[in-house]
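Enquirer: Handing you a structure now.
Readers should treat all values here as calculations from the given coordinates under stated rules, not as data from a laboratory. The shown structure was predicted, so the numbers you read here are calculated from the model rather than taken from an experiment. Backbone-built Cβ (ideal geometry, glycine too); neighbour counts: all protein chains shown.
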Amino acid sequence: MLNDRNVASPRKKSDVNSSAKTRHFVDHAATTPLRPEARTAMVDNLGLANPSGQYATARVAKKVLEESREEIAELLGADPIEVVFTSGGTEADNLAVSGLYFKAAGSDIVVPPIEHDAVLKTCRHLEKEHWARIVPAPVDSTGRVDLEAFPTLDRNSTALVTCMWANNETGAVQPISEISALARKARVPFHIDAVQAAGHVPIDFHSSGAATMAISAHKFGGPRGIGALLVRRDVTLCPHNNGGGQERGLRSGTQDVASAAGMAAGLRAAVSDMQAEHDRVKNLTEQLTHAITGIDGAIVHTTQPTLAGHVYASFPGAEADSLIMLFDAAGIDCSTGSACSAGVNRPSHVLSAMGVSEPEARSAIRFTLGWTSTQDDVDAVIAALPETVMRARKAGMA
Ligand code: PLP
């Protein structure tokens with residue numbers, strides 16, 4: 001079971017980087033270990049009351065909640081009222097896409113095929129149950145939205161445009177400002193899934209031009225189970241749950257104050273050393289990418305501009321599941337980056353959209369480095385790589 005202890009997140013960063021650790025965690029895009037600042041903030045605030053109460057103990061909780069909201073807003077270029085706490089990125093994406101759709105006159109949803117399932121499946125649900133029409137925004141062979149082929153937007157028929165800031169599998173940074181300009185020109189609301197980007201690249205919600213933006217705490221060192229949807233002041237959304245009217249009436253339910261405090265502290269820590277961390281992680285990632293390109297037949301799918309810690313690569317002739325099992329046995333935690341269902345390794349929808357063949361897509365695995373990654377981690381992966389690929393290739397494709 002993945003938890004903060006066995007993904008090497010004890011209390012101090014020095015412990016995290018200790019050579020005594022036996023596992024090498026290179027799956028930071030799935031979840032990154034809790035930062036010590038976030039842990040402290042959570043522990044300090046675990047016992048707080050319901051922030052909606054009308055008495056002194058509740059006011060203490062309310063103060064912590066609102067200070068956390070203010071801090072997150074400040075770090076992301078938003079106003080505090082625009083931060084709507086959710087249970088994570090999935091809920092934020094669902095709320096944005098369906099919330100914008102149900103308030104719109106049009107029924108078309110413009111969406112690239114490389115989006116996370118939190119967006120894609122919401123669009124499909126709206127199509128199946130609520131008369132929406134999915135209009136794909138094609139991507140090129142690098143996995144970026146092809147602006148030349150971008151669908152024409154029309155305020156009367158287009159309900160919303162949605163696009164992720166950076167892809168969770170390839171790391172590819174998308175042409176967000178260009179898409180935002182197209183949406184603004186057509187006066188169509190734009191949702192950005194910034195779950196992989198927040199805390200890793202500079203984000204300014206107001207200047208992004210987005211109506212809504214999803215973020216998730218556990219991708220930048222905050223706790224799991226909390227995230228936020230940034231919702232511009234002038235944007236109205238249809239809420240998808242009803243109750244006490246918390247969070248601007250968009251997300252009813254008693255807030256988790258300790259997690260909100262942990263999220264704010266995690267984001268503050270991530271943003272405060274963002275540039276130095278970016279350069280450090282990029283250097284480690286480049287070493288790993290270089291080693292991968294030295295493997296006969298390997299294909300690297302991650303291209304510039306990208307998030308600093310991503311390397312997504314295929315090793316044709318080897319099944320991704322075998323590679324992951326062998327890396328696991330060698331003490332290395334990595335992933336396919338695509339959805340595995342009932343033990344069946346399905347080719348990634350992202351690679352398929354990029355035109356990668358099915359056998360190549362089925363041999364793709366993702367390494368993602370982050371704030372706890374060390375030279376030791378990268379050396380371990382590089383050392384295990386040739387034999388792991390050789391053994392997986394021997395096992396062959398299913
Ligand atoms: N969007 C993207 C791009 C993601 O990578 C993820 C998680 O992997 C999500 C949304 C869902 O976020 P959460 O795990 O917080 O629900």
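Enquirer: Which one of Pro51, Pro33, Pro80 is of a type outside the set (Lys, Arg) and farther than 30 Å from Val235 by Cβ?
Expert: Selected residue: Pro33, the only one of Pro51, Pro33, Pro80 that is of a type outside the set (Lys, Arg) and farther than 30 Å from Val235 by Cβ.
Enquirer: Find the helices (runs of 4 or more DSSP H) located wholly in segment 272-368 whose residues include 1 or more that are free of Cβ contacts under 8 Å to residues at least 12 places away in the same chain and under 30 Å from Pro202 (Cβ atoms), and list them.
Expert: By residue number, 274-293.
Enquirer: Still on this structure: Among the numbered conditions (1) touching a residue at least 40 places away in the same chain (Cβ under 8 Å); (2) closer than 28 Å to Ser141 by Cβ, tell me where Arg251 comes up short.
Expert: The failed condition is (2).
Enquirer: Right, something else. Going through segment 127-148 one residue at a time, which ones are closer than 14 Å to Val161 by Cβ and either surrounded by fewer than 21 Cβ atoms within 10 Å (Cβ to Cβ) or among the small types (Gly, Ala, Ser) (or both)?
Expert: The answer is Ala132, Arg133, Ile134, Val135, Pro136, Ala137, Pro138, Leu147.
Enquirer: What pairs can you find where one residue is in segment 168-188 and within 19 Å of Thr285 (Cβ to Cβ), the other is within 11 Å of the ligand (Cβ to nearest atom) and assigned to a helix (DSSP H, G or I), and their Cβ atoms are less than 6 Å apart, with a gap of 6+ or different chains?
Expert: Listed by first residue and then by second, the contacts come to Glu169/Val350.
Enquirer: Something else now. With the requirement that a residue be of a type in the set (Asp, Glu) and either crowded, with 24+ Cβ neighbours inside 10 Å or closer than 20 Å to Val83 by Cβ (or both), what does segment 174-211 give you?
Expert: Residues satisfying the conditions are Asp193, Asp204.
Enquirer: Listed residues Lys128, Lys103, Lys121, Lys62; which is outside any helix (DSSP H, G or I) and of a type in the set (Lys, Arg)?
Expert: So the residue among Lys128, Lys103, Lys121, Lys62 that is outside any helix (DSSP H, G or I) and of a type in the set (Lys, Arg) is Lys103.
Enquirer: Hey, among Thr162, Thr152, which residue is over 30 Å from Thr336 (Cα atoms) and among the hydroxyl-bearing types (Ser, Thr, Tyr)?
Expert: Selected residue: Thr152, the only one of Thr162, Thr152 that is over 30 Å from Thr336 (Cα atoms) and among the hydroxyl-bearing types (Ser, Thr, Tyr).
Enquirer: Which one is farthest from Val271 (Cα to Cα), of the residues in segment 205-233 that are small (Gly, Ala, Ser), within 11 Å of the ligand (Cβ to nearest atom) and not in a strand (DSSP E or B)?
Expert: Gly225
Enquirer: Please go through segment 156-173 and give me each residue that is outside any strand (DSSP E or B), surrounded by fewer than 23 Cβ atoms within 10 Å (Cβ to Cβ) and out of contact with any Asp or Glu (no Cβ under 9 Å at 6 or more places or on another chain), ordered by number.
Expert: Of everything in segment 156-173, just one residue is outside any strand (DSSP E or B), surrounded by fewer than 23 Cβ atoms within 10 Å (Cβ to Cβ) and out of contact with any Asp or Glu (no Cβ under 9 Å at 6 or more places or on another chain), namely Asn156.
Enquirer: Restricting to segment 88-111, name every residue that is hydroxyl-bearing (Ser, Thr, Tyr) and surrounded by fewer than 19 Cβ atoms within 10 Å (Cβ to Cβ).
Expert: Ser107
Enquirer: Starting from residues that are closer than 30 Å to Glu127 by Cβ and part of a loop (DSSP other than H, G, I, E, B), keep the ones in segment 79-100 and report whichever is nearest to the ligand (Cβ to nearest atom).
Expert: Filtering first and then ranking leaves Gly88.
Enquirer: When the residues of segment 182-204 are filtered to those that are aliphatic (A, V, I, L, M) and outside any helix (DSSP H, G or I), which remaining residue is nearest to the ligand (Cβ to nearest atom)?
Expert: Val195
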